Amino acid sequence: MHEPTRSVEVELGERRYTIAIGRGLIERADSLAEAAPERQIMVVTNATVAPLYLATLRSALGDRDVIHVALPDGEQEKRLESMLPIVDEMLVNGFDRDCLVIALGGGVVGDLAGFVAASYQRGVGYVQIPTTLLAMVDSSVGGKTGVNHPRGKNMIGAFHQPRAVIADLSVLDTLPDRELRAGMAEVIKTALLGDAEFLDWLEANIDSALQRAPEALATIVERCCQNKAAIVVADEREAGERALLNLGHTFGHAIEAARGYGDWLHGEAIAAGMCMAARLSTRLGWISQADYDRVVALIARAGLPTAPPADITPERWREFMARDKKNRDGQRRLVLLRALGQATLSADYDPNALDEILAEAHRG
């Protein structure tokens, strides 16, 4: 068996798994046989990815009992109703508790397929094969699965760790530029919340990464997975440290919910949300104006929005932020910056400063 170009271990005891990072991994029967030995396999994908990679994956899986469901593309499909055709197919085909679900797609497919796996007959195995940069560096790792509700993002779901993550960097060759940029938001987030050295590296190399230089992309995926794996191992179910991965997400999720999911890509909303979190951190005196300018400059270089849509009123901001899962005992907790590379989860901030940030966002 050929070794993957790089690998990262997620050390969770009996549920430990490997993130394989390299090119051409989807077509390799040997790596798939190790990660997915089951006879019955459900592949969940979407209408954009299926024509590109489904046939390759099915060929590599050999003569096993493989079925698939290809959903329409888009964040709007991340809902309970989208689970039904997947479960229906599994039941019609007699899939038992020894089956496996493979997620072949971006974050929406991964979260949805993972939730199907967590729910089907009270839990079956699944493998993540992410096809977007955002999914490779963030959503495919860590076992968060679920769907959206009209009143809030990711409100229905479960923690269910994958059997393996196969990050085939060659699929990024067909990723649209907008999706690549959206993935960079989660890359920048990783650096800002806990890896100042990586932030320096990004500032020097983000242009080559956006030009899809293979070595730069491989380094990005590996570094982000290493950072996230360490946080997941320390706090698998988000009781503490893992909440830091939500830097920019309280604001970003509010943008997505207010705009109806799909108008702004997740990464675009998170980019604007990080700028808002950095602005609030500056207003509180926790980081300097120069640090704030550095955050905004890097996000702008990635081709991402640095401000939210101006049509969200402060009242609407508060409505969506009130449903954030980080809130406790009526307190709105935010992930903010104490320094670049050092995030903190806190409710100990001046609420008037938050009001000012929301009012400024509405004024544009």
**Asked** Among (1) more than 30 Å from G106 (Cβ to Cβ); (2) surrounded by fewer than 14 Cβ atoms within 10 Å (Cβ to Cβ); (3) in contact (Cβ under 8 Å) with a residue 24 or more places away in the chain; (4) touching a helix residue (DSSP H, G or I) at 6+ places or on another chain (Cβ under 7 Å), which single condition is H362 missing?
**Response** (2)
**Fill in**
Taking segment 19-78 and keeping only residues that are in contact (Cβ under 8 Å) with a residue 40 or more places away in the chain, closer than 20 Å to D96 by Cβ and assigned to a helix (DSSP H, G or I), one is left with A35
**Asked** Any chance segment 289-302 includes a residue that's in a loop (DSSP other than H, G, I, E, B), without any contact (Cβ under 8 Å) to a residue 60 or more places away in the chain and surrounded by 13 or more Cβ atoms within 10 Å (Cβ to Cβ)?
**Response** no
**Prompt:** Can you tell me which residue in segment 254-301 is farthest from L202 (Cα to Cα), limited to those that are within 19 Å of the chain's Cα centre (by Cα) and β-branched (V, I, T)?
**Reply:** I255
**Message:** What's the number of the only condition in (1) buried (at least 24 other Cβ atoms within 10 Å of the Cβ); (2) touching a Phe, Trp or Tyr at 6+ places or on another chain (Cβ under 7 Å); (3) modelled with pLDDT of 95 or more that A269 fails to meet?
**Reply:** (2)
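L345: under 20 Å from the mean Cα position of the chain (by Cα) and surrounded by 19 or more Cβ atoms within 10 Å (Cβ to Cβ), yes or no?
On the way: under 20 Å from the mean Cα position of the chain (by Cα): yes; surrounded by 19 or more Cβ atoms within 10 Å (Cβ to Cβ): no.
In short, no.
This table checks each residue for (1) surrounded by fewer than 19 Cβ atoms within 10 Å (Cβ to Cβ); (2) more than 23 Å from A269 (Cβ to Cβ); (3) touching a residue at least 40 places away in the same chain (Cβ under 8 Å); (4) over 12 Å from the mean Cα position of the chain (by Cα).
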| residue | (1), (2), (3), (4) |
| --- | --- |
| A118 | no, yes, yes, yes |
| V124 | no, yes, no, yes |
| T131 | no, no, yes, no |
| D138 | no, no, yes, no |
| V141 | no, no, yes, no |
| R151 | yes, no, yes, yes |
| S170 | yes, yes, yes, yes |
| P176 | yes, no, no, yes |
| A182 | no, no, yes, no |
**Prompt:** Looking at A234, A216, A243, A204, which is the one that is under 25 Å from A117 (Cβ atoms), in the same structural domain as A302 (by TED's automatic domain parsing), without any contact (Cβ under 8 Å) to a residue 40 or more places away in the chain and out of contact with any Pro (no Cβ under 7 Å at 6 or more places or on another chain)?
**Reply:** A234
**Complete:** Listed by first then second residue, the pairs whose first member lies in segment 331-354 and is farther than 23 Å from D293 by Cβ, whose partner is part of a strand (DSSP E or B) and basic (K, R), with beta carbons under 8 Å and at least 6 positions apart or on separate chains, are A347/R328
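In segment 128-216, which strands (runs of 3 or more DSSP E) lie fully inside it and hold 2 or more residues that are within 26 Å of E81 (Cα to Cα) and aromatic (F, W, Y)? Can you show your working first?
On the way: elements: 144-149, 152-159, 164-168.
Output list is empty.
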**Fill in**
Within segment 230-253, the count of residues that are more than 13 Å from the chain's Cα centre (by Cα) and either over 19 Å from V141 (Cβ atoms) or in a helix (DSSP H, G or I) (or both) comes to 11
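The values are calculated or read from the model by the stated rules, or taken from the named source; none is laboratory data. The structure displayed is predicted, hence computed values, not measured ones. All Cβ positions, even for glycine, are placed from backbone atoms using ideal geometry, and neighbour counts span all protein chains on display.
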